[in-house]
Each structure stands twice: as structure tokens, then as C-alpha cells.
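The values are calculated or read from the model by the stated rules, or taken from the named source; none is laboratory data. Nothing here was measured: the structure is a model prediction, and the numbers come from that model. Here the Cβ is made from the backbone with ideal geometry for all residues, glycine too, and neighbour counts use every protein chain on show.
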Amino acid sequence: MFSFELLLDAVVLGVLVGCFYAAMSIGLSVAFGLLDVPHIAHPAFLVLGAYGTHLLSRQGWDPLIAGIVLMPVFFLIGIGVYRFYYEAFERRGSEAGVRGLAFFFGVAFIIEVALILAFGVDQRMVEATYIGKSLAIGDMRVPFRMLVAFGMALALTAGLTLYLSKSFTGRAIKAVAQDEPALRLMGANPVRIKQWAFGIATAVTAIAGALLIIVGPVEPGLDRVYIGRTFCVVVLAGLGSMTGTLVAGLILGISESIVLTLAGASWAPAVSFGLLLLVLGIRPQGLFGR
Amino acid sequence: MTRSATGFWIGAVAVVVLAALVAVSGANEYFFFAGFVVLQFVVLATAWNILGGYAGYVNFGTGAFFGVGAYTAVVLFKALSAPLWAQILAGAGVSGLLGFGIGLLTLRLRGIFFSIATVAVAIILETLVINWRYVGGATGIQLLRPPVMWPFETYTRMLFVVVALLAVLAVSIARYIETSWLGRGLRAIRDSEEAAECTGVPTLKLKLFACTVSGAMMGTAGALLPMYQSFVEPASSFSLNYSVAALAMPMIGGTSHWLGPVVGAILLGTIQQVVTVTISSELNVLVVGVLLVLFVVAAPEGIVGLARKLARVRAPTAGAA
């Protein structure tokens with residue numbers, strides 16, 4: 001029943017899936033980790049990106065290109081959402097926490113139901129040359145679509161890490177996260193920087209959504225599972241740490257894949273949420289907490 | 001104060017008596033079917049508000065308590081053919097225990113972290129039930145209702161009276177908490193937990209109390225589900241739809257007054273029933289979401305807050321005239 005090869009298979013798949021989870025979570029890592037926005041609608045935006053990709057791919061577009069084309073659109077949506085959130089909640093202060101949470105929870109449901117009304121509850125997928133084929137290494141078969149997700153995840157993490165540490169605006173975003181009043185004293189406008197950062201976080205969600213539908217079929221209710229996965233990764237990483245997000249994604253991916261192999265698929269959803277509870281209970285500041 | 005208290009109790013008794021009278025009358029069966037759901041949401045919304053509205057801890061895991069209540073009833077019924085009152089009591093007990101456990105989480109977690117943790121609990125419990133063969137696993141379980149008691153014609157009618165009784169009980173408890181020192185302590189926690197702790201408010205005890213009571217109430221509502229549907233399955237029992245409804249109703253009605261969740265639940269529950277029947281069941285979740293966002297943004301005090309504001313604007317002119 002249990003063999004070393006099976007475990008090895010599980011670990012390899014776990015690494016690939018883990019990088020994929022990191023790509024799913026990296027937008028949230030910016031929005032929630034750096035900007036402290038309780039963005040519980042992030043997984044819903046992922047699914048929205050996946051459906052956008054689905055629409056474009058029906059016109060004959062490659063899903064990856066479709067995801068990249070959607071990025072500017074999502075960037076603008078992100079700016080709009082943050083602007084609205086700021087005007088309605090952050091500026092009013094005190095009770096913003098409870099209402100902001102309820103607001104994003106409501107937004108998530110609106111997106112989910114709007115997708116159900118527009119596309120129905122059936123699963124949707126995309127077609128591309130790299131979907132369905134797999135690479136054989138010895139006895140092991142690695143699906144190409146996972147490799148695409150793997151590569152894209154690494155590129156996204158590296159890109160965002162570089163952007164945040166090298167570019168001027170990127171460092172301004174980190175400065176907002178560290179000390180907002182100080183930034184204000186330096187004459188910068190923290191709201192505009194946060195708005196920009198939230199736009200980027202949402203734009204990344206578009207390409208992540210494209211990966212989501214490349215890796216597997218998508219249905220409107222999928223965001224519920226990804227609430228656990230994305231928040232697990234971001235909290236485990238330590239809020240706002242990009243490399244941490246990759247490491248946390250790997251941890252989640254490998255544990256899920258091992259549980260899947262040993263206990264069966266019906267236990268899989270509990271892994272991310274269980275790990276999340278464990279981290280929250282034991283080390284809420286995560287592995288690489290700021 | 002005493003006058004309004006007398007008024008409240010007269011109203012409470014009137015609601016139960018009215019429900020009983022309607023139930024033995026010849027009203028259309030569908031009325032009880034829909035009325036049950038609305039009153040069940042009164043219980044859930046009131047329960048949510050004790051923790052979320054008074055203490056400011058946003059619970060996204062209503063589905064967990066509701067589902068635990070439902071499956072406690074299922075187990076008792078399947079193993080011992082326990083009567084309805086025992087199912088309700090057990091559902092309240094087990095969900096209350098779960099609430100106590102969640103209350104312990106508040107030791108370390110606040111804000112969004114607490115909320116996410118409650119979602120996590122809901123999904124983990126759902127996964128456990130899915131993998132539990134005795135209660136039917138993912139496919140669910142069919143239950144045969146026992147014969148109905150006199151003087152009710154159908155089981156749904158009896159359940160309607162039971163849920164009316166539970167709703168009145170839940171609202172009375174919420175009202176008691178709100179007007180006593182417990183409510184003042186919880187509000188102090190919502191405004192500033194540090195300040196509350198410093199001035200001697202027993203914050204941990206109060207939070208544990210609020211979580212336990214809120215959880216137990218949600219459990220009673222869930223315990224009625226198996227007999228109401230005579231069928232239970234995990235995906236819908238632990239559904240996030242209960243969480244969003246139980247959160248939206250107090251937010252729409254107003255979280256600072258016991259009347260808020262009641263108004264929100266009756267209004268939203270009725271709209272949902274109408275939309276489900278006339279259009280579609282997907283659309284009723286959309287209605288909840290849109291109204292939630294609208295109220296949270298435009299009227300943070302809810303309907304009760306709006307009504308109070310209106311009364312305040314009117315009062316001076318009435319005095320002048």
C-alpha cells in the first residue's frame with residue numbers, strides 16, 4: 001500500500017502545487033499582508049480572473065496571454081475597489097474593522113452569485129497545447145500544466161520581490177506598510193500609494209486566475225476552498241513577506257499532497273484550514289513575520 | 001424601563017400564542033414552511049449579534065454551529081430515536097461547547113484573524129462529517145419523522161411553533177444581555193479591549209460567555225433542521241450561506257439593539273422566500289450580498305439606527321408645535 005515511490009510522487013506534486021498556491025496567494029500577500037485590507041474577497045477575484053480567461057480563450061486566445069491582457073483591467077478594478085473601501089471605511093476609522101470585513105464578505109458573495117447567474121454552476125475549463133500532456137521522468141509523470149503554473153509562480157514571486165525592494169514605488173509601498181504616519185510626514189500621500197499597491201495586487205490576481213483555470217476546471221463556488229488556502233499561505237508566511245509566501249505555499253502544497261495520497265481526496269479541504277488554525281493558534285505572526 | 005419590560009414580555013407571549021393559534025388554524029401549509037425558515041433566521045441572527053454586534057467579534061462560522069446542531073440531532077435520533085426536545089437540548093449543548101472552544105481562540109485572535117479561524121472551523125467540521133459514514137457521509141442521510149403530536153395536523157406546523165418559541169427565547173436572552181452589565185462589558189470590549197481590561201472588565205469571561213451562548217443558540221436552530229427537512233447533508237448544513245445570512249441580517253437591521261437582528265431577519269428572510277419562489281434560489285444569495293454591502297456602506301447603523309435618527313429629527317419639531 002504505502003511505498004517510498006508513492007511518497008516521492010506526492011512530494012514532487014506537492015512542490016508543483018505549492019508554487020501554484022503561492023501564485024494564488026501573492027496578491028493577497030500584498031493586499032492583506034502589506035496594506036492590512038481585510039480582503040476576504042480575494043479568492044472571488046481569482047475565480048473572476050479564471051472566468052475572464054475562459055471567455056477570452058473561447059475567442060481562441062491562449063489562456064496565459066488572456067491572463068496578461070486582463071491584468072490592466074484588474075488593475076483598474078483594484079484601484080476602484082480600494083478607493084471605495086477607503087472612502088467608505090478607512091476614513092471613518094473606529095468601527096471600520098467589523099464593517100470592512102462584512103463589506104468584503106458581501107462582495108465575495110456578489111461575485112460568486114453573479115458568476116452563477118452568468119455561467120451557471122457547471123465546471124468550465126480552457127484549452128491549450130500544454131494542457132492534458134505530461135512529461136515523463138522515469139516512472140513519474142509530471143503534467144505540463146503544473147509546470148506552467150510552477151514557472152509562472154516563480155516568475156511572479158521573483159518579479160514582485162524585485163519590484164518591492166528595488167523600484168521607487170515598490171519601496172514606498174513597503175514604507176506604507178511599516179509606518180504610515182512617518183510617510184505622511186515626509187510629504188507623501190499614503191492613500192495614493194496604497195491605491196496603487198492594491199491595483200497591483202488585483203492585477204496579479206488576473207494572471208493567477210488564468211493559472212487557476214489552466215491547472216483545473218473552475219466553478220463559481222471554488223472561491224470558498226481558496227479562502228482557506230490563500231489565507232493559510234499568507235498567514236503562515238508572515239504578513240507581507242514575498243519569499244515567505246513561496247515557502248508557505250510549498251509547505252501547504254506538500255502537506256496537502258501527502259494527505260491526499262495517504263487519506264484520500266475527501267480530506268484535502270481540511271488540510272489548509274487545519275494548518276491555518278494551527279498557525280493562528282501557535283504562531284500568529286507566521287514564519288517570516290514583520 | 002419597567003414599562004418597556006412589561007411591554008416586551010406581553011409582546012413575547014403574544015408572538016408565541018399567535019404562532020400556536022395560526023398553527024392549529026387552517027392556514028396554507030406553505031406558510032409554515034416559509035415561516036419556519038424566517039423564524040430560524042431570527043434565532044441565527046440574534047445569536048450572531050450577541051458576539052458580533054455587542055462584542056465586535058465577526059463570526060463567519062455560523063454554518064459550523066448550525067451544522068453541529070443539526071448533526072447532533074441526527075446522531076441522537078438515529079442512535080436512540082430521541083424526542084425533539086432532547087435533540088434541541090443536545091444540539092444547544094454541543095454547539096455551546098464548540099462556542100466555548102472558539103471563545104478560547106479569542107485569547108490570541110482578533111479582527112480578521114478570528115473571522116478566518118471561524119471559517120476554518122466550519123470547513124474542518126464539514127470535512128469530518130463528510131468522512132463520517134454513520135451519519136451518511138457526503139451523500140447525507142434520510143430520516144423518518146415520528147408521528148405528530150396532538151393538536152397539530154402536520155409536523156411542519158409543530159416545528160413552526162417550536163421555532164417561534166425558540167426565537168422568542170433567543171430574543172429575550174439577547175435583550176437581557178444587552179440591558180444588563182453583561183452587555184455593557186461586551187460593548188466595552190468592542191470599543192477597546194485594552195481599555196476594558198484595564199478598567200477591570202473580565203474580558204475573557206465575557207467573551208467566553210458570549211461565544212458559548214451565541215453558539216448554543218445557533219445549535220438549537222440547527223437541531224430543528226433534520227426534522228424539518230427529514231433529510232440532512234453536510235454541504236448545505238455547514239454552508240457559508242448561513243454565515244453570510246446570519247451576519248447580513250443584524251448588519252441590515254442594526255447591531256446595537258436586540259430589535260435589529262429581528263427586523264433584519266424578518267425583512268431579509270421574507271424577501272429571500274419570495275425571491276426563491278418567484279425567481280431563483282441563486283438570486284436570493286445575491287439579494288443578501290447586495291443589501292449587506294449597501295447597508296454597511298450607506299447606513300452602518302442599520303434600519304433601527306435609521307428609525308432612531310428619524311425619531312430624533314421629528315421630536316424637536318413636535319415639541320415646538
Just to be sure before I move on: is B:N284 surrounded by fewer than 24 Cβ atoms within 10 Å (Cβ to Cβ), closer than 30 Å to B:A138 by Cα and touching a residue at least 60 places away in the same chain (Cβ under 8 Å) in the structure I sent?
no
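Please verify whether A:S57 is surrounded by 19 or more Cβ atoms within 10 Å (Cβ to Cβ), within 14 Å of another protein chain (Cβ to nearest Cβ) and among the hydroxyl-bearing types (S, T, Y), treating the condition exactly as stated.
Working: surrounded by 19 or more Cβ atoms within 10 Å (Cβ to Cβ): yes; within 14 Å of another protein chain (Cβ to nearest Cβ): no; among the hydroxyl-bearing types (S, T, Y): yes.
So A:S57 fails the test.
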The condition of being touching a Cys at 6+ places or on another chain (Cβ under 6 Å) and either under 17 Å from A:C19 (Cα atoms) or of a type in the set (K, R) (or both) holds, among A:S255, A:S272, A:S241, only for A:S272
Checking B:A246 against (1) within 14 Å of chain A (Cβ to nearest Cβ); (2) under 18 Å from the mean Cα position of the chain (by Cα); (3) over 19 Å from A:V98 (Cα atoms); (4) not acidic (D, E), which test does it fail?
(3)
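Here's the yes/no breakdown for (1) within 14 Å of chain A (Cβ to nearest Cβ); (2) surrounded by 15 or more Cβ atoms within 10 Å (Cβ to Cβ); (3) basic (K, R):
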position	(1), (2), (3)
B:A122	yes, yes, no
B:T127	yes, yes, no
B:Q142	no, no, no
B:V148	no, no, no
B:V161	no, yes, no
B:A164	no, yes, no
B:L169	no, yes, no
B:I173	no, yes, no
Sole exception among (1) within 22 Å of the chain's Cα centre (by Cα); (2) within 14 Å of chain B (Cβ to nearest Cβ) for A:G120, by number:
(1)
Just for helices (runs of 4 or more DSSP H) wholly inside the range B:233-283: which have at least 3 residues that are among the β-branched types (V, I, T)?
B:259-278
Members of the range A:211-232 that are under 14 Å from the mean Cα position of the chain (by Cα) and either over 20 Å from A:L147 (Cβ atoms) or not hydrophobic (A, V, I, L, M, F, W, C) (or both):
A:L222, A:D223, A:R224, A:V225, A:Y226, A:I227, A:G228, A:R229, A:T230, A:F231, A:C232
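I need the full set of residues from the range B:129-140 which are within 13 Å of chain A (Cβ to nearest Cβ) and either assigned to a helix (DSSP H, G or I) or polar (S, T, N, Q) (or both), in order please. Please lay out each step first, then the result.
Let us first name the residues in the range B:129-140 that are within 13 Å of chain A (Cβ to nearest Cβ), namely B:129-133, B:137-139.
Those that are within 13 Å of chain A (Cβ to nearest Cβ) and either assigned to a helix (DSSP H, G or I) or polar (S, T, N, Q) (or both): B:V129, B:I130, B:N131, B:R133, B:G137, B:A138, B:T139.
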Just to check your reading of the model, which residue among B:S237, B:S230, B:S214, B:S256 is within 12 Å of another protein chain (Cβ to nearest Cβ) and among the hydroxyl-bearing types (S, T, Y)?
B:S256
The range B:12-24 residues that are touching a residue at least 12 places away in the same chain (Cβ under 8 Å), paired with ones that are among the charged types (D, E, K, R) (beta carbon under 6 Å, 6 or more apart):
B:A23/B:R157
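Anything in the range A:1-54 that is hydroxyl-bearing (S, T, Y), modelled with pLDDT of 90 or more and surrounded by fewer than 24 Cβ atoms within 10 Å (Cβ to Cβ)? List them, or say none. Reasoning before the result, please.
Here is the first cut: in the range A:1-54, the residues hydroxyl-bearing (S, T, Y) are A:3, A:21, A:25, A:29, A:51, A:53.
The next check asks that each one be modelled with pLDDT of 90 or more; those that pass are A:21, A:25, A:29, A:51, A:53.
Result: A:Y51, single match.
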Taking the range B:101-114 and keeping only residues that are surrounded by fewer than 16 Cβ atoms within 10 Å (Cβ to Cβ) and in a helix (DSSP H, G or I), one is left with B:G101, B:L104
Identify, please: which residue in the range A:70-84 is buried (at least 24 other Cβ atoms within 10 Å of the Cβ) and among the aromatic types (F, W, Y) and is, among those, nearest to A:I213 (Cα to Cα)?
A:F74
Residue check: is A:F4 within 14 Å of chain B (Cβ to nearest Cβ) and free of Cβ contacts under 8 Å to residues at least 24 places away in the same chain?
no
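Within the range A:200-286, which helices (runs of 4 or more DSSP H) (wholly inside it) include 1 or more residues that are surrounded by 22 or more Cβ atoms within 10 Å (Cβ to Cβ) and more than 11 Å from chain B (Cβ to nearest Cβ)? Let's see the steps before the verdict.
On the way: elements: A:223-237, A:242-263, A:268-282.
Qualifying helices (runs of 4 or more DSSP H): A:223-237, A:242-263.
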For the range B:187-220, enumerate the residues that are surrounded by fewer than 18 Cβ atoms within 10 Å (Cβ to Cβ), assigned to a loop (DSSP other than H, G, I, E, B) and not small (G, A, S).
B:T199, B:P202
If you scan the range B:245-281, which residues turn out to be surrounded by fewer than 23 Cβ atoms within 10 Å (Cβ to Cβ) and closer than 24 Å to B:I130 by Cβ?
B:S281
Only residues in the range B:290-316 that are more than 9 Å from chain A (Cβ to nearest Cβ) and in contact (Cβ under 8 Å) with a residue 24 or more places away in the chain count as the first member; pair them with residues that are assigned to a helix (DSSP H, G or I) and surrounded by fewer than 14 Cβ atoms within 10 Å (Cβ to Cβ), Cβ under 8 angstrom, at least 6 apart or cross-chain, and list the lot.
B:E301/B:K309
Could you count how many residues in the range A:77-102 are facing another protein chain (nearest Cβ under 7 Å) and modelled with pLDDT of 90 or more?
0
When you look at B:R110, is it under 25 Å from B:V262 (Cα atoms) and of a type in the set (D, E, K, R), yes or no?
no
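Return the only residue of B:V38, B:V68 being closer than 13 Å to B:T220 by Cα and among the aliphatic types (A, V, I, L, M). Show your work before the answer.
Details: B:V38 fails: closer than 13 Å to B:T220 by Cα.
Just one listed residue meets the conditions, B:V68.
Residues are listed down the side, and each one gets a yes or a no for (1) within 30 Å of B:I189 (Cβ to Cβ); (2) within 13 Å of another protein chain (Cβ to nearest Cβ):
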site: B:I88; (1), (2): yes, no
site: B:F114; (1), (2): yes, yes
site: B:R145; (1), (2): no, no
site: B:P151; (1), (2): no, no
Could we say that B:L80 is away from chain A (no Cβ under 14 Å) and without any contact (Cβ under 8 Å) to a residue 60 or more places away in the chain here?
yes
